[in-house]
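Trainee: Have a look at this one before I ask anything.
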Amino acid sequence: MRLRYFAAVLLAGCIVACQSDPGEQPGKDAIDISSPQPAQLLSKVALSQEETGYVDAANRTTFKLFPYLFKNQRSQKSFIFSPLSLQYALGMTANGASGKTLEQIVGALGFGNDIDKLNEFCNKLLNQLPALDKDVTIKLADAIVVNQAYPLQPSFKQLVESTYYAAVENMDFSNPNLVAGKINNWAYRNTNGLIDKLLNADDIGPDTIAFLMNALYLNAPWVPEGAKPLFDPENTQKDKFFMGGCEVTEAQFMYAQREFRHADLGSFQLLEVPYAGGKFAMYIILPEGEETGDMPSPEPVYGFENLIRDFSQLDWKDALSKLESKNVLLTLPKFETSSEYLLNDALKNLGMELPFTGAAVFDRMFQNPNLGAYIGQVIQKAKISVAEWGTEAAAVTVVQMEKYSGFGPETPVEFSCNHPFAYLIAEKSSGVILFAGAYLGN
């Protein structure tokens with residue numbers, strides 16, 4: 001008996017793919033990289049009770065996003081996104097906002113309306129996540145690329161540099177190729193080359209004023225069993241993968257039998273597959289549904305789409321509490337997945353509507369108080385590779401800021417003079433009417 005599976009990875013994530021400038025070479029006047037390097041190893045992330053609540057809230061946001069992103073793909077296929085990368089890009093953005101704009105961004109991330117707590121939490125993870133396991137590489141990097149015609153508020157610049165370790169780069173946006181090339185080069189260097197083509201010159205218009213960016217990179221070998229690797233490459237072999245309904249494909253399957261932490265939660269099973277020193281893990285969420293012979297049962301009790309549908313109600317902490325060590329024979333396919341998303345609608349669905357409109361208030365970000373800044377788009381691109389040795393994953397999230405010009409892509413007003421109408425002829429500066437009349441068609 002073989003089980004159909006779905007792997008949920010909470011440390012990685014998706015966007016609209018674009019072309020990089022071929023003339024921009026790596027290392028040529030590049031944007032700084034300022035992610036912190038751990039000075040010593042830590043046994044765990046030291047969270048207060050309040051911060052533990054923030055983790056729970058952020059995870060609930062993740063499980064709300066999950067079904068939305070799956071449902072709104074152009075075609076239902078494998079996907080990946082990074083809620084953590086999104087949190088950092090929007091966290092920096094929130095520090096430039098005020099009033100309802102600020103409340104909606106921070107609220108969508110699950111932090112109530114306390115921007116200071118969000119900043120403290122992000123800073124703590126920046127410093128502590130990379131310091132947990134010497135054999136697992138975690139890299140978080142932030143940067144802001146600003147149109148030099150619209151300089152940042154000094155207080156905002158100081159905060160993102162000191163709290164988010166963001167490299168701030170002022171550039172001439174009249175050369176979109178150069179700007180896109182530098183951003184793509186930054187993404188490439190911060191994700192070990194997994195993500196490179198992030199933007200192209202066409203994404204940078206006359207109203208574009210800044211890009212707030214986060215890159216997240218993970219390189220994690222599986223925890224070995226003694227001197228043996230978790231998955232022996234010699235045991236990997238091709239077999240059927242049942243996609244649902246009557247669709248069947250083939251995949252390269254890896255095999256391991258050992259003690260894993262496992263929970264049978266009725267409609268789905270949960271398995272923890274640890275990495276390296278055991279501080280990080282992949283959690284596989286496997287919906288119910290058994291295979292019989294060469295085909296899966298025609299009507300599984302609880303399939304993948306039902307699992308996704310119920311994700312927003314999943315109590316993740318409760319599910320984790322039910323894990324117990326058991327002898328498990330794990331069959332896991334090798335796979336690579338790349339995803340790209342425009343996240344505007346997903347974030348609006350979480351209540352973050354105002355920041356995308358001309359009524360947004362980002363008065364704490366730019367020196368010009370009358371700029372009318374708003375979020376033009378939030379994009380994320382992510383990639384993951386799962387193989388015998390372990391997992392490599394990366395995501396880059398970009399918040400693109402625009403200035404409000406008063407002319408949006410609104411539906412045009414129809415004005416058809418195909419019936420009687422009146423008219424006036426006036427002098428504009430004084431308002432004096434020179435003529436008045438009507439046309440009745442005769």
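The values are calculated or read from the model by the stated rules, or taken from the named source; none is laboratory data. Predicted model, so just to flag it, every value in this text is computed and none were measured. Cβ: placed from backbone, ideal geometry, glycine included. Neighbour counts: every protein chain shown.
Trainee: Which residue is modelled with the lowest pLDDT, if the candidates are limited to the range 224-238 and must be under 20 Å from G278 (Cβ atoms) and either touching a Ser or Thr at 6+ places or on another chain (Cβ under 6 Å) or surrounded by fewer than 20 Cβ atoms within 10 Å (Cβ to Cβ) (or both)?
Mentor: This residue is A227.
Trainee: If you don't mind, another one. Given (1) more than 27 Å from L178 (Cβ to Cβ); (2) touching a strand residue (DSSP E or B) at 6+ places or on another chain (Cβ under 8 Å), where does A131 come up short, assuming only one miss?
Mentor: Only one criterion in (1) more than 27 Å from L178 (Cβ to Cβ); (2) touching a strand residue (DSSP E or B) at 6+ places or on another chain (Cβ under 8 Å) is unmet by A131, namely (2).
Trainee: Being over 27 Å from F156 (Cβ atoms) and either of a type in the set (D, E, K, R) or out of contact with any Leu (no Cβ under 9 Å at 6 or more places or on another chain) (or both), is that true of even one residue in the range 28-38? Please lay out each step first, then the result.
Mentor: Narrowing the range 28-38 to residues over 27 Å from F156 (Cβ atoms): 28, 38.
Right, trim to either of a type in the set (D, E, K, R) or out of contact with any Leu (no Cβ under 9 Å at 6 or more places or on another chain) (or both) and you get 28.
Yes - at least one qualifying residue is present in the range 28-38.
Trainee: Filter the range 354-383 down to residues that are assigned to a strand (DSSP E or B) and basic (K, R) and give me whichever is farthest from the chain's Cα centre (by Cα).
Mentor: K383
Trainee: How do the pairs read when you match residues in the range 98-120 that are free of Cβ contacts under 8 Å to residues at least 24 places away in the same chain with residues anywhere that are charged (D, E, K, R) and crowded, with 17+ Cβ neighbours inside 10 Å, using Cβ under 8 Å and keeping only pairs 6 or more apart or on different chains?
Mentor: Between residues of the range 98-120 that are free of Cβ contacts under 8 Å to residues at least 24 places away in the same chain and residues that are charged (D, E, K, R) and crowded, with 17+ Cβ neighbours inside 10 Å, the close pairs are N113/E103.
Trainee: What number goes with the only condition from (1) at pLDDT 90 or above; (2) closer than 25 Å to Q87 by Cβ; (3) exposed (fewer than 14 other Cβ atoms within 10 Å of the Cβ); (4) not β-branched (V, I, T) that D315 does not pass?
Mentor: Only one criterion is unmet by D315, namely (1).
Trainee: Please go through the range 277-303 and give me each residue that is modelled with pLDDT of 80 or more, under 20 Å from F335 (Cβ atoms) and either outside any strand (DSSP E or B) or hydroxyl-bearing (S, T, Y) (or both), ordered by number.
Mentor: Within the range 277-303, the first condition is being modelled with pLDDT of 80 or more, and the residues that meet it are 277-287.
If we keep only those that are under 20 Å from F335 (Cβ atoms) too, we end up with 280-287.
If the condition is that a residue be modelled with pLDDT of 80 or more, under 20 Å from F335 (Cβ atoms) and either outside any strand (DSSP E or B) or hydroxyl-bearing (S, T, Y) (or both), then Y283 is the only one that fits.
Trainee: Quick check on this structure: which one of Y165, Y150 is in a loop (DSSP other than H, G, I, E, B) and over 20 Å from A360 (Cα atoms)?
Mentor: Selected residue: Y165, the only one of Y165, Y150 that is in a loop (DSSP other than H, G, I, E, B) and over 20 Å from A360 (Cα atoms).
Trainee: When you scan the range 372-414, how many residues do you find that are farther than 30 Å from Y275 by Cα and at pLDDT 90 or above?
Mentor: Count: 12.
Trainee: In the range 202-248, how many residues are in a strand (DSSP E or B), more than 30 Å from I31 (Cα to Cα) and under 29 Å from the mean Cα position of the chain (by Cα)?
Mentor: Selection size over the range 202-248: 5.
Trainee: Can you tell me how many residues in the range 136-193 are farther than 30 Å from K279 by Cβ, in contact (Cβ under 8 Å) with a residue 60 or more places away in the chain and of a type in the set (D, E, K, R)?
Mentor: Residues flagged as farther than 30 Å from K279 by Cβ, in contact (Cβ under 8 Å) with a residue 60 or more places away in the chain and of a type in the set (D, E, K, R) within the range 136-193 amount to 2.
Trainee: Return the residues of the range 69-111 that are β-branched (V, I, T) and over 28 Å from P130 (Cβ atoms); say none if nothing qualifies. Steps first, answer last, please.
Mentor: Step one: list which residues in the range 69-111 are β-branched (V, I, T), which gives 80, 93, 101, 105-106.
Once the filter is applied, which keeps residues that are β-branched (V, I, T) and over 28 Å from P130 (Cβ atoms), the range 69-111 yields only T101.
Trainee: Hey, can you tell me all the residues within the range 323-353 that are touching a strand residue (DSSP E or B) at 6+ places or on another chain (Cβ under 9 Å) and not in a strand (DSSP E or B)?
Mentor: Listed by number, the residues that qualify are L323, K334, L343, N344, A346, L347, M352.
Trainee: I would also like to ask the following. Can you find, within the range 384-401, the residue that is farthest from I138 (Cα to Cα) among those that are more than 14 Å from the chain's Cα centre (by Cα) and buried (at least 21 other Cβ atoms within 10 Å of the Cβ)?
Mentor: M401
Trainee: Still on this structure, please answer the following. Taking the range 103-143 as the search range and keeping residues that are of a type in the set (G, A, S) and outside any strand (DSSP E or B), which one is surrounded by the most Cβ atoms within 10 Å (Cβ to Cβ)?
Mentor: A108
Trainee: Filter the range 318-351 for residues that are touching a Cys at 6+ places or on another chain (Cβ under 9 Å) and closer than 25 Å to V55 by Cβ; which is modelled with the lowest pLDDT?
Mentor: Ranking the candidates gives S339 first.
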